[in-house]
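Q: Here it is: the structure, laid out below.
The values are calculated or read from the model by the stated rules, or taken from the named source; none is laboratory data. Quick caveat, the model's predicted, so the values are computed rather than measured. Every residue, glycine among them, receives a Cβ derived from its backbone with ideal geometry; neighbour counts consider all protein chains shown. For accessibility, only protein heavy atoms count, side chains too; no ligands or nucleic acids. Shrake-Rupley method; radii C 1.70, N 1.55, O 1.52, S 1.80 Å.
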Amino acid sequence: MQKGSTQIALILASLIISNIVVLVVSQGQLRVGFYSKSCPNAESIIRKVVRKAVADNPRNAAILLRLHFHDCFVQGCDGSILIRNDEDGELKAQGNLGVVGFDIIDSAKARLENLCPGIVSCADIVSLAARDAVSLVNGPFYDVPTGRRDGRVSKMSLAKNLPDVDDSINVLKSKFKEKGLSDKDLVLLSGGSHTIGATACFFMQKRLYNFTPGGGSDPAINPGFLPQLKDKCPFNGDVNVRIPLDWSTQNVFDVKILRNIREGNAVIASDARLYDDRMTRQIVDSYITSSAASFNQDFAEAMVKMGNIGAKTGSEGEIRRACNAVN
């Protein structure tokens, strides 16, 4: 009798442990529709905020896309770039110069806190806002797995290895590989993302006036395009002047940025470098000759892949009450 009771107890204990493991695993995974029960209107609220922001200023689409990229490349997609009450925060890093869009995220967070306090993470808002921003300028709308939690640490020193505009193609490939991203992801997320948005002349100085000894320009620049770039960003001119990354359709998500790269009309050096390497050059060419649907689908997949980098789930991190500071 005692032996039978012991066996039953062991079976029950095993079932309990199994259920706990299943629960932990389920809580520790991102999934589409994570807020379907806890805050069912979360995604539609974020989309409304983003739609208004992009309608007010089309440039906000690229701003939100860039914010997502810079968040994910430092400690993963945990909203740490949003923390703004720390003098040593990652936002102060050189690689994050000019990153903005925080007011849009804060607006969405405020609305969500009124409706579902303490439920929706800032990290998820950033990921969803980037998706919505892309879709509002002719880009793909795709499902975003959610359930991220917010990081508690934001340090400038942790952002020292962000991809840089003047990195060589080998360095760029290495930085993406460190995050589990492929050469195709590099083309899509670095070059492809630049189909929308602008850059400052600050980031053009080396490429235009100090690329080679003696002050020469990057030889990859199309000779017919070089005077236009120099006209917009003259030597010793205002480095805060902004110029479009895609000269022809800066507010429309399309594949023209890759044609620009192939033809020597890339604006920033890191985009031009994608044509320096045989593998990335083949990827660029493949999208130019394929359908827009193929480019859009692969871009969406790359965005989801990037959005999974270092995601905090389960009991990790926290759900911030305000995105600009830890609780």
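Q: Any residue in region 278-293 that is within 17 Å of His194 (Cβ to Cβ) and in the same structural domain as Gly192 (by the TED database) sitting within a Cβ distance under 7 Å of a residue that is part of a helix (DSSP H, G or I) and acidic (Asp, Glu)? List the pairs, counting only those 6 or more apart or interchain.
A: Hits for this filter: Thr280/Asp183; Ile283/Asp183.
Results for (1) modelled with pLDDT of 95 or more; (2) basic (Lys, Arg); (3) on the phi > 0 side of the Ramachandran plot; (4) under 16 Å from the mean Cα position of the chain (by Cα), shown as yes or no for each residue.
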| position | (1), (2), (3), (4) |
| --- | --- |
| Leu158 | no, no, no, no |
| Pro163 | yes, no, no, yes |
| Asp166 | yes, no, no, no |
| Lys179 | yes, yes, no, yes |
| Ser182 | yes, no, no, yes |
| Leu186 | yes, no, no, yes |
| His194 | yes, no, no, yes |
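Q: Would you confirm, using the coordinates I've provided, whether Ser190 is open to solvent by 10 Å² or more (accessible area, probe 1.4 Å), in contact (Cβ under 8 Å) with a residue 24 or more places away in the chain and within 23 Å of Phe102 (Cβ to Cβ)?
A: yes
Q: Please go through region 299-323 and pick out each residue that is open to solvent by 60 Å² or more (accessible area, probe 1.4 Å) and either at pLDDT below 95 or part of a helix (DSSP H, G or I) (or both).
A: Residues satisfying the conditions are Glu301, Lys305, Ser315.
Q: Given the residues Lys179, Lys175, which is the only one that is open to solvent by less than 50 Å² (accessible area, probe 1.4 Å) and charged (D, E, K, R)?
A: Exactly one of Lys179, Lys175 is open to solvent by less than 50 Å² (accessible area, probe 1.4 Å) and charged (D, E, K, R), namely Lys175.
Q: State which residue pairs qualify: first residue assigned to a helix (DSSP H, G or I) and inside region 248-265, second residue of a type in the set (Ser, Thr, Tyr) in any location, beta carbons under 7 Å apart, and separation of 6 or more residues or different chains.
A: Pairs that qualify, where the first residue is assigned to a helix (DSSP H, G or I) and the partner is of a type in the set (Ser, Thr, Tyr), are Lys256/Thr195; Lys256/Ser248; Lys256/Thr249; Ile257/Thr195; Leu258/Tyr287; Ile261/Tyr275; Arg262/Tyr275.
Q: Further question: Would you mind finding the one in Arg131, Arg84, Arg111 that is assigned to a helix (DSSP H, G or I) and open to solvent by 10 Å² or more (accessible area, probe 1.4 Å)?
A: Just a single option satisfies the conditions, and that option is Arg111.
Q: Taking the options Lys37, Lys52, Lys3, name whichever one is modelled with pLDDT of 95 or more, of a type outside the set (Asp, Glu) and surrounded by fewer than 12 Cβ atoms within 10 Å (Cβ to Cβ).
A: Lys37
Q: Between a residue in region 133-146 that is assigned by the TED database to the domain that holds Pro58 and within 19 Å of Ser121 (Cβ to Cβ) and any residue that is open to solvent by less than 20 Å² (accessible area, probe 1.4 Å) and hydroxyl-bearing (Ser, Thr, Tyr), which pairs come within a Cβ distance under 7 Å, given they are 6 or more apart or on different chains?
A: If the second residue must be open to solvent by less than 20 Å² (accessible area, probe 1.4 Å) and hydroxyl-bearing (Ser, Thr, Tyr), the pairs left are Val144/Ser127; Thr146/Tyr35.
Q: Next question, about the same structure. What is the residue count in region 276-298 for residues that are surrounded by fewer than 21 Cβ atoms within 10 Å (Cβ to Cβ), of a type outside the set (D, E, K, R) and touching a helix residue (DSSP H, G or I) at 6+ places or on another chain (Cβ under 6 Å)?
A: 2
Let's see how each residue does on (1) modelled with pLDDT of 95 or more; (2) open to solvent by less than 50 Å² (accessible area, probe 1.4 Å); (3) in the same structural domain as Asp298 (by the TED database):
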position: Phe203; (1), (2), (3): yes, no, yes
position: Gly215; (1), (2), (3): no, yes, yes
position: Pro227; (1), (2), (3): yes, no, yes
position: Pro234; (1), (2), (3): yes, no, yes
position: Asp238; (1), (2), (3): yes, no, yes
position: Leu245; (1), (2), (3): yes, yes, yes
position: Val252; (1), (2), (3): yes, no, yes
